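Written out below as structure tokens is the structure these notes cover.
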Amino acid sequence: GAGKTSTFKMLTGDVMVTGGNAYLKGFDVKNNIKQVQANMGYCPQFDALIDQMTGRETLTMYARLRGIPEDTIKEVVNTVIDSLMLRPHADKLAGQYSGGNKRKLSTAMALIGDPPFIMLDEPSSGMDPKARRNLWTVLSQVRASGRTLVLTSHSMEECDALCTRLAIMVNGRFMCLGSPQHLKNKFGQGYTLITQLGTLADGTTAPNQPVINYITSYFPGSKVFDDHQGYVHFQVPDATIKLADVFTIMEQTKENLHVDDYSVHQTTLEQIFLTFTRAQTIRDN
Ligand SMILES: Nc1ncnc2c1ncn2[C@@H]1O[C@H](COP(=O)(O)OP(=O)(O)OP(=O)(O)O)[C@@H](O)[C@H]1O
Ligand SMILES: [Mg+2]
């Protein structure tokens, strides 16, 4: 509950703005919300579908509302149905759609009529991995066509795949803004080392302290970032350490320390996100 949906609701005119203002193409949300809305597509976090209408009927209605010429509506609706892979469901009632298909239909409603600015609040929630990747393809094409997409997501993988600029919001404020690579460079120096501890003869997970002692002694400055169910995540801050050395050191000792498996990678967006949101948990408590 950082305030993403609340921000979207203010920008779309869903709720009243009590402080500040926002502008789109010179129109502002306080005084010219109709003109703002005319330039904007919106997929809300919670689907606002009419259960008694089919997907095709819903999209046709939105196409009319968008002012698409009547003689091209059929084609426009078919195009968006196909791009979101909704053809098998186009003539079923929206109320009978699965959760993932409802999200596709809501996204289609936001995209229809090619508005220049499109806001999508967690568009891929509830979609299976294949549908999600298809959505990424569709959104990348929209982006490439010169339109602006603003989306929220809980999936850092999705942000990495789609975003040219990314912000992390905590307690209603942006903590950072930049390209995924910029944020990784700035906030995630060094490596992440993840070790997975094995099970001892008595069925318990091997203790984590020996591996923590070992890693911190070899790589000074390393911190335990996360420690869950036998998975210990280390942040190794020194980017000058060679990957080969990390592997050598781990191979030498993994049996002694009951490390079943380990991986080394560049700091991920997920970790950067967790670094920022720790502040939120502390404040909430
Ligand atoms: N009408 C309201 N009145 C008072 N507080 C509200 C109202 N709507 C939302 N909130 C609170 O505002 C905070 C931000 O909510 P919001 O839905 O914007 O978060 P979010 O970032 O979209 O979260 P999520 O990732 O779970 O969708 C939450 O603590 C929520 O409980
Ligand atoms: Mg939300």
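Please treat every number below as a calculation from the coordinates, not as lab data. Keep in mind that this is a model prediction, so the values were computed, not measured. With ideal geometry, Cβ positions are generated from the backbone for all residues, glycine too; neighbour counts draw on all protein chains shown.
Obtain the nm distance between the two label points defined at Thr253 and Glu70 by a simple spin-label model: each point lies 7 Å from its Cα along the Cα-to-C-beta direction.
For the pair Thr253/Glu70, the computed spacing is 7.7 nm.
Based on the Cβ-Cβ distance from Val15 to Thr277, what FRET efficiency comes out when R0 is 35 Å, to the nearest 0.05? It would help to have the intermediate numbers written out before the result.
Details: r = 24 Å, r/R0 = 0.69.
Efficiency, from the Cβ-Cβ distance: 0.90.
Would you list, by chain and number, the aspartates and glutamates whose Cα falls below 15 Å from the Cα of Lys254, excluding same-chain residues fewer than 8 positions away?
Asp245
So what's Rg/Rh here for segment 1-103, counting alpha carbon atoms and using the Kirkwood radius for Rh?
Ratio of gyration radius to Kirkwood radius: 1.03.
Using 25 Å as the Cα-Cα cut-off, could you pick out the over-long pairs in Lys102/Lys184; Lys25/Lys184; Lys30/Lys184; Lys74/Lys104?
Beyond 25 Å: Lys102/Lys184; Lys25/Lys184; Lys30/Lys184.
Using 7 Å Cα-to-Cβ label points, what is the Thr268/Ile194 separation (nm, one decimal)?
The answer from the label model is 0.4 nm.
Of all the C-alpha pairs in segment 189-266, what % are more than 15 Å from each other? Intermediate results must be reported in sequence, preceding the final value.
Numbers: 1509 of 3003 pairs.
Value for segment 189-266: 50 percent of Cα pairs lie more than 15 Å apart.
With an 8 Å Cα cut-off and a minimum separation of 6 or more residues, compute the relative contact order for the chain in percent.
15 percent
Over what distance in Å are the Cα centres of segment 186-252 and segment 17-49 separated?
47 Å
Report, by chain and number, residues whose modeled amide H sits under 5 Å from the one on Cys176, excluding near sequence neighbours (fewer than 5 apart, same chain).
Sorted by chain and number, the residues that satisfy this are Ile168.
Could you name the lysines whose alpha carbon sits less than 16 Å from that of Lys223, not counting residues in the same chain fewer than 8 places away?
Answer for Lys223, where 16 Å is the Cα cut-off: none of the lysines qualify.
How would you order 235-241, 158-164 from highest to lowest mean count of nearby Cβ atoms within 10 Å? Spell out each step's value before the answer.
Working: 235-241: 15.1, 158-164: 17.7.
Packing proxy ranking, top to bottom: 158-164, 235-241.
Once every Cα of the chain carries one equal point scatterer and solvent is ignored, give the base-10 log of I(q)/I(0) from the Debye formula at q = 0.08, 0.10, 0.11 Å⁻¹, two decimals.
Those come out to -0.48, -0.69, -0.78, one per q.
Rounded, prolate or oblate: which fits segment 220-265, taking a ≥ b ≥ c as square roots of the Cα gyration tensor eigenvalues, rounded meaning a/c under 1.5, else prolate when a/b beats b/c?
Here segment 220-265 falls in the oblate category.
Let's test the formula: R0 of 35 Å, r as the Cβ-Cβ distance of Ser145 and Asn171. What FRET efficiency results, to the nearest 0.05? Please report the intermediate quantities before stating the final value.
On the way: r = 35 Å, r/R0 = 1.00.
It comes to 0.50.
Determine the sum of side-chain charges near Gln189: Lys and Arg each +1, Asp and Glu each -1, restricted to other residues whose C-beta is under 15 angstrom from that of Gln189.
With Lys, Arg at +1 and Asp, Glu at -1, the net is +2.
Can you compute 3J(HN,Hα) from phi for each residue in segment 162-171, using the Karplus curve 6.51 cos²θ - 1.76 cosθ + 1.60 with θ = phi - 60°, rounded to whole Hz and x for Gly and Pro?
Per residue, the Karplus-derived 3J(HN,Hα) values read 10, 8, 8, 9, 9, 10, 10, 9, 10, 6 Hz.
Starting from the Cα of Ala201, step 7 Å along the direction of its Cβ; do the same at Ala48; then give the gap between the two resulting points in nm.
Going from the Ala201 label point to the Ala48 one covers 6.5 nm.
Determine the gain in length on full extension of the stretch Ser217-Gln229; use 0.36 nm per residue of separation and subtract their C-alpha separation, reporting nm with one decimal.
Numbers: separation 12, 0.36 × 12 = 4.32 nm, distance 2.29 nm.
Once the chain is fully extended between Ser217 and Gln229, it gains 2.0 nm.
Counting other Cβ atoms within 10 Å of each Cβ, which chymotrypsin sites (Phe, Trp or Tyr not before Pro) in segment 1-103 have at most 13 and sit in a DSSP loop?
Passing both the DSSP loop test and the Cβ count: Phe46.
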